[in-house]
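Below is one structure; the comments refer to it alone.
What follows is calculated from the coordinates using simple rules that are stated; it is not laboratory data. This structure is a prediction, so every number in the text was calculated from the model and none was measured. We place every Cβ from the backbone using ideal geometry, glycine too, and count neighbours over all the protein chains shown.
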Amino acid sequence: MPIYEFRCNNCGQRFSEFFRSMSAAAEGVKPPCPHCASEDTVRVVSSFAVHGPAGADPGEIAAETRAAEREASVTTKEQIDTWRKAKKK
Ligand SMILES: [Zn+2]
């Protein structure tokens, strides 16, 4: 079952939504923001999934981001740029 990441255009928070079926996801269903209840949300391509589990809650995402920043001190510039781009989305 697919999990997609969304971003709220109202408050800027990102969240993951779990779909019961591929068809529901394919229809472009946009869930309301869990933080401010705005329905002005956009689906974004998940980027944290490459270095963390999908469906993490915001606290876990923040922890992942901090972990990535720590790793950045011992990784290549190319990887750092990838993380920077991911955070801007
Ligand atoms: Zn919001």
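Using θ = phi - 60° in the Karplus curve 6.51 cos²θ - 1.76 cosθ + 1.60, the 3J(HN,Hα) couplings for segment 8-22 round to 8, 6, 7, 10, x, 6, 10, 8, 9, 10, 9, 9, 6, 8, 5 Hz; x is entered for Gly and Pro. Exposure proxy shown here: for S21, S38, the number of other Cβ atoms within 10 Å sets the order, fewest to most, as S21, S38. For S38, the residues whose amide H sits under 5 Å from its own are C33, ignoring neighbours fewer than 5 places away on the same chain, with H placed 1.01 Å from N. The trypsin sites (Lys or Arg not before Pro) of segment 8-43 that DSSP puts in a loop, and whose beta carbon has at most 15 other beta carbons within 10 Å, are R20.
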